[in-house]
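The values are calculated or read from the model by the stated rules, or taken from the named source; none is laboratory data. Everything quoted here is computed from the prediction, not taken from an experiment. Note that we place each Cβ from the backbone using ideal geometry, even for glycine, and neighbour counts take in every protein chain shown. Each accessible area value is taken on the protein alone, full model and side chains, heavy atoms only, with ligands, DNA and RNA left out. Shrake-Rupley method; radii C 1.70, N 1.55, O 1.52, S 1.80 Å.
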Amino acid sequence: MTDNLTLHMNAYLPLRDVVFHTLREAILKGELKPGERLMEIQLSNRLGVSRTPIREAIRMLEQEGLAVTIPRKGAQVAKMTEKDMEDVLQIREALDELAASIACEQISKEELAELRDTMLEFEESTTTGDVQRIAEADVRFHDIIYQATGNPRLVNILNNLREQMYRYRVEYLKDEKSYPVLVQEHRQIIEGLAARNKEMVSAAMQMHVRNQVNAIKEMIREQM
C-alpha cells in the first residue's frame, strides 16, 4: 500500500466523507492500484482514524465502482474492464442524448451563456496539466445541460451515473491528444442547443460519448 496517503481534513465534511475523498483521489491518481487490497486496519493506522469511517468510505467507493468486495478476501480497488466501461457508457450515451434533446426545448438564454462560459473554462483548464481540474470542468459543462432539462428525476439518475463513470472520464483525460477533440465536441453541442436542433445535438452527444468509449478501450487493452 502506498505510503503517500494523507488525510485531507475539511471542517465542513463528516469524517467518512474526508476519508472517502482521500481514498478516491488516491485511486484516480493511481496511488492505489487496481486489485490492491483496502484493509481497514492498515488504512485506519495510515490515516489516523478509526475503522468505522474507513468502512463507510469503502462502501461509498463501491457505489462509484471504484472498489469491490471479494468473498473471503475483503475490499480491493476495482479493476477497470471493457465490460464494466461499456455497461456504464452505454447507459450514459442514451441518457445524455435524452438530456440534450430535452434541453434543446428547455434551455434558457442564461443557461446557454453559462454553458459557453463553462466551455471556455474547460478549454483553459486543458492548458494546466491538472487532470482532476479538467475533469471537474467537463463535469460542470454536462451538469448545466442536465439542469436545463428541468427534470429532477433525470438529473438524479445522471448524477448517480456520473459518479460511476468518473474514473473512466479521468483516464480519458490523461491523454492530452483528446483535448482538441473534446473542445470541438463541446462547441458542436452548444451550437446545436443554441439552434434548438435536436438532430445536431444528438449526433454531437453520441459522437462525444463514443469517442470516449473507443479511447478508453484502447487504454484498458494496453494495460492488460
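From the residues in segment 190-204 that are over 16 Å from A94 (Cβ atoms) and of a type outside the set (D, E), which one is most open to solvent (accessible area, probe 1.4 Å)?
R196
Could you list, in sequence order, all residues of segment 159-177 that are open to solvent by less than 60 Å² (accessible area, probe 1.4 Å) and more than 11 Å from the chain's Cα centre (by Cα)?
Selection gives D175 alone.
Tell me whether segment 35-53 contains one or more residues that are of a type in the set (S, T, N, Q) and closer than 27 Å to Q212 by Cβ.
First, pick out the residues of segment 35-53 that are of a type in the set (S, T, N, Q): 42, 44-45, 50, 52.
Restricting the remaining residues to those that are closer than 27 Å to Q212 by Cβ gives none.
No; the residues of segment 35-53 include none that is of a type in the set (S, T, N, Q) and closer than 27 Å to Q212 by Cβ.
Among the residues of segment 168-224 satisfying the criterion of being in a helix (DSSP H, G or I) and basic (K, R), which is nearest to F141 (Cα to Cα)?
Going through segment 168-224, the residues in a helix (DSSP H, G or I) turn out to be 168-173, 176-195, 198-223.
Of the ones still in play, those that are also basic (K, R) are 169, 177, 187, 198, 210, 217, 221.
Details: R169: 13, K177: 20, R187: 11, K198: 18, R210: 18, K217: 24, R221: 29 Å.
Here the residue is R187.
Cβ-Cβ under 7 Å, sequence separation 6+ or interchain: first residue in segment 143-162 and assigned to a helix (DSSP H, G or I), partner basic (K, R). Which pairs?
L161/R92
From K109, K79, which residue is touching a Pro at 6+ places or on another chain (Cβ under 7 Å), open to solvent by 80 Å² or more (accessible area, probe 1.4 Å) and not hydrophobic (A, V, I, L, M, F, W, C)? Reasoning before the result, please.
Numbers: K109 fails: touching a Pro at 6+ places or on another chain (Cβ under 7 Å).
Selected residue: K79, the only one of K109, K79 that is touching a Pro at 6+ places or on another chain (Cβ under 7 Å), open to solvent by 80 Å² or more (accessible area, probe 1.4 Å) and not hydrophobic (A, V, I, L, M, F, W, C).
Are any residues in segment 1-54 among the basic types (K, R) and within 20 Å of E171 (Cβ to Cβ), and if so, which ones?
Within segment 1-54, the first condition is being among the basic types (K, R), and the residues that meet it are 16, 24, 29, 33, 37, 46, 51.
Result: R24, K29, K33.
Scan segment 144-158 for residues that are open to solvent by 20 Å² or more (accessible area, probe 1.4 Å) and either touching a Cys at 6+ places or on another chain (Cβ under 8 Å) or not small (G, A, S) (or both) and jot them down. Quick ask: steps written out before the conclusion?
So the first thing to find is which residues in segment 144-158 are open to solvent by 20 Å² or more (accessible area, probe 1.4 Å), and the list is 147, 150-153, 156-157.
Correct list: Q147, N151, P152, R153, N156, I157.
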